[in-house]
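The values are calculated or read from the model by the stated rules, or taken from the named source; none is laboratory data. All of these numbers come straight from a predicted model, not from anything done at the bench. Backbone-built Cβ (ideal geometry, glycine too); neighbour counts: all protein chains shown. For the accessible areas, the whole protein counts, side chains as well, though only heavy atoms, and no ligand, DNA or RNA atoms are used. Shrake-Rupley method; radii C 1.70, N 1.55, O 1.52, S 1.80 Å.
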Amino acid sequence: MVVTIRSLGLQGIAGYEVSVECVLSGGLPAFDVVGLPDAAVKESRERVRAAIRNCGAQFPVSRITINLAPAALRKEGTIYDLPILLGILAAQGDVEPPVGEAAFLGELSLTGALRPITGMLPMALAAVQEGVRELYVPAENAAEATLAGGLTVYPVEDVRQLLSHLRGGPRISPAAEWTPDSEPEPGPDFADVMGQENVKRALEVAAAGGHNILLIGSPGSGKSMLAQRLPSILPDMTRQEALEATEIWSVAGKTDRRCPLLQRRPFRQPHHTASAAALAGGGTFPKPGEISLAHNGVLFLDELPEFSKDALEALRQPLEDGEITITRAAGAVRMPSRFMLVCAMNPCRCGWRGHPSSRCTCSDAAVEKYVSRISGPMLDRMDLHVEVPSVEFEAMRRRQTPEPSLAVKERVNAARTRQAKRFAGTGVSCNAHMTPPMLGEFCTLDGAGEKVLRAAFQRMGLTGRSHDRILRVARTIADLDAEEQISAMHLAEAIQYRNSDILRK
């Protein structure tokens, strides 16, 4: 008799149903696992054998064949240990085969205890779509599994507990749906930054519309300090945005068992030695890179020109499309990568060009060579180019406390609320992601605005992409002012943020 146990698997960051089929047959004792298993799945034979014996059951002396269907998809990881064990015990009559609405997954220790696995949330969401009603998972993964909703999640400590439950003995209590019991701890605040009011304003605009921003200034001017405080003014995530981000972090094994749902927008800050694969993702079986881990959040690249050319160019397509496709021998995987790019750089190699101390030793040719590390297409994808001047002595000694992040965040949330109402039902969440037809509908200009934009287009030699990005930024500035119509003043502020000449001062 063939026994089928429902389980789940991962392909990229998407879950899918796996049927674990088990049959015991005559012949010499053997234990075969088929269905494109990787090395970790094949090694489950020894874990399952030891776990069965250590939970008091008898391991069958017969030929055991396990098939993981669909057999055309590669299976990886240790998540199939538990369903393989149940299939063997059900095939030899030690336990009744579970009903069709139940699914099982988990890694076994040699003693029969269940260990936590990665990628629980996307698999739980796939279980809901496939009609699973009961999901048996390692106890440490239960809270994350409940985030999918529509499931009765049973936290399993070990095999003995599960077998007792299935045989009608003491029942396992279902896990309660996880809810946050406290607000996340506040991070660095804008109130810590003295001066730089113009840069704070630019970051507020960027946060309100989800725009990419480039900060340019000498060492010690506060570029990194300001960027690291950006999360404190980012708008709150919706439930859907939080689930999308948490799915990716779950596959990467970065979720917290005690707080499985991301409550703050991700903020990723890879070192400038990071490779293109580290940013984009990859591996024999593709895994999320930094740009996917920053989905619905911020990717901060400090010392931008120090990143390799390949790494920077890998960002171009995801910045436009909001997703990245990674193709390897094992197959192609598409991952979401809708992030806000924040970059910081010095104006020259030594860093002191334009500083009041006049200590820069770089020639014009050296500055040009340094700046040219950033390609024109990459620079064109930055919505705001902001100069971060050296901090004045008076600003550092000022007694009054600067505006806190909470006050700025209230304005940002109000602007995002207007955008959410404007784009309801379109799949667009903020001004930075407006499509060309939306620009024509929501970014209409009066006569004065047309005149200002025309003059800037001709004087600055803007591209079509620059033109559209100026309109998106102007729309965000108008939203911060609670204005439906984009005025010439809003356009003028947006245009001043496109001044790439500050790179060559």
- Query: Somewhere in segment 89-96, is a residue free of Cβ contacts under 8 Å to residues at least 12 places away in the same chain, more than 18 Å from Ala124 (Cα to Cα) and over 28 Å from the mean Cα position of the chain (by Cα)?
  - Reply: yes
- Limited to segment 413-430, what total is found for residues that are more than 14 Å from Gly210 (Cα to Cα) and part of a helix (DSSP H, G or I)? 2
- Subset of segment 442-467 (residues that are of a type outside the set (Ser, Thr, Tyr) and either open to solvent by less than 40 Å² (accessible area, probe 1.4 Å) or over 17 Å from His490 (Cβ atoms) (or both)): Cys443, Leu445, Gly449, Leu453, Ala456, Gln458, Arg459, Met460, Gly461, Leu462, Gly464, Arg465
- Specify the residue that is surrounded by the most Cβ atoms within 10 Å (Cβ to Cβ); the eligible residues are those in segment 332-373 that are among the hydroxyl-bearing types (Ser, Thr, Tyr) and touching a Pro at 6+ places or on another chain (Cβ under 8 Å). Ser337
- Within the bounds of segment 92-103, is there any residue that is surrounded by fewer than 19 Cβ atoms within 10 Å (Cβ to Cβ), farther than 30 Å from Gly12 by Cβ and of a type in the set (Gly, Ala, Ser)? yes
- Item | Residue list for segment 100-118, restricted to those being closer than 15 Å to Asp81 by Cβ and small (Gly, Ala, Ser) | Ala103, Gly106, Ser109, Gly112, Ala113
- Give me a count of the residues in segment 10-24 that are open to solvent by 50 Å² or more (accessible area, probe 1.4 Å) and either within 10 Å of Ile66 (Cα to Cα) or part of a loop (DSSP other than H, G, I, E, B) (or both). 1
- Message: Contact list please: Cβ distance under 7 Å, first residue in segment 166-187 and over 29 Å from Ala103 (Cα atoms) and of a type outside the set (Asp, Glu), second residue in a loop (DSSP other than H, G, I, E, B) and open to solvent by 80 Å² or more (accessible area, probe 1.4 Å), pairs at least six apart or on different chains.
- Response: Pro184/Arg264
- Note on the structure: A careful count of residues in segment 248-279 that are more than 23 Å from Pro235 (Cα to Cα) and in a helix (DSSP H, G or I) gives 5
- Inside segment 53-86, the number of residues satisfying the requirement of being of a type in the set (A, V, I, L, M), over 19 Å from Leu8 (Cα atoms) and either out of contact with any Pro (no Cβ under 9 Å at 6 or more places or on another chain) or open to solvent by 20 Å² or more (accessible area, probe 1.4 Å) (or both) is 2
- Query: If you go through segment 215-243 one residue at a time, how many are surrounded by fewer than 19 Cβ atoms within 10 Å (Cβ to Cβ), charged (D, E, K, R) and outside any loop (DSSP other than H, G, I, E, B)?
  - Reply: 2
- Looking across segment 151-176 at residues that are surrounded by fewer than 13 Cβ atoms within 10 Å (Cβ to Cβ) and within 25 Å of Pro122 (Cα to Cα), the single one that is farthest from the chain's Cα centre (by Cα) is Ser173
- If we keep just the residues of segment 25-37 that are among the aliphatic types (A, V, I, L, M) and in a loop (DSSP other than H, G, I, E, B), which is nearest to the chain's Cα centre (by Cα)? Leu36
- Item | Matching strands (runs of 3 or more DSSP E) fully within segment 301-364 where at least 3 residues are charged (D, E, K, R) | none
- Task: Check Val386 against each of (1) at pLDDT 90 or above; (2) part of a helix (DSSP H, G or I); (3) under 30 Å from Asp310 (Cα atoms) and name the one condition it does not meet.
- Result: (2)
- segment 25-37, residues that are at pLDDT 90 or above, surrounded by fewer than 18 Cβ atoms within 10 Å (Cβ to Cβ) and not β-branched (Val, Ile, Thr): Ser25, Pro29, Ala30, Asp32, Leu36
- Out of Leu471, Leu462, sole residue that is closer than 17 Å to Met382 by Cα, among the aliphatic types (A, V, I, L, M), touching a residue at least 24 places away in the same chain (Cβ under 8 Å) and out of contact with any Lys or Arg (no Cβ under 8 Å at 6 or more places or on another chain): Leu471
- Query: So Leu439 clears everything in (1) hydrophobic (A, V, I, L, M, F, W, C); (2) assigned to a helix (DSSP H, G or I); (3) modelled with pLDDT under 90 except one condition, right? Which one?
  - Reply: (3)
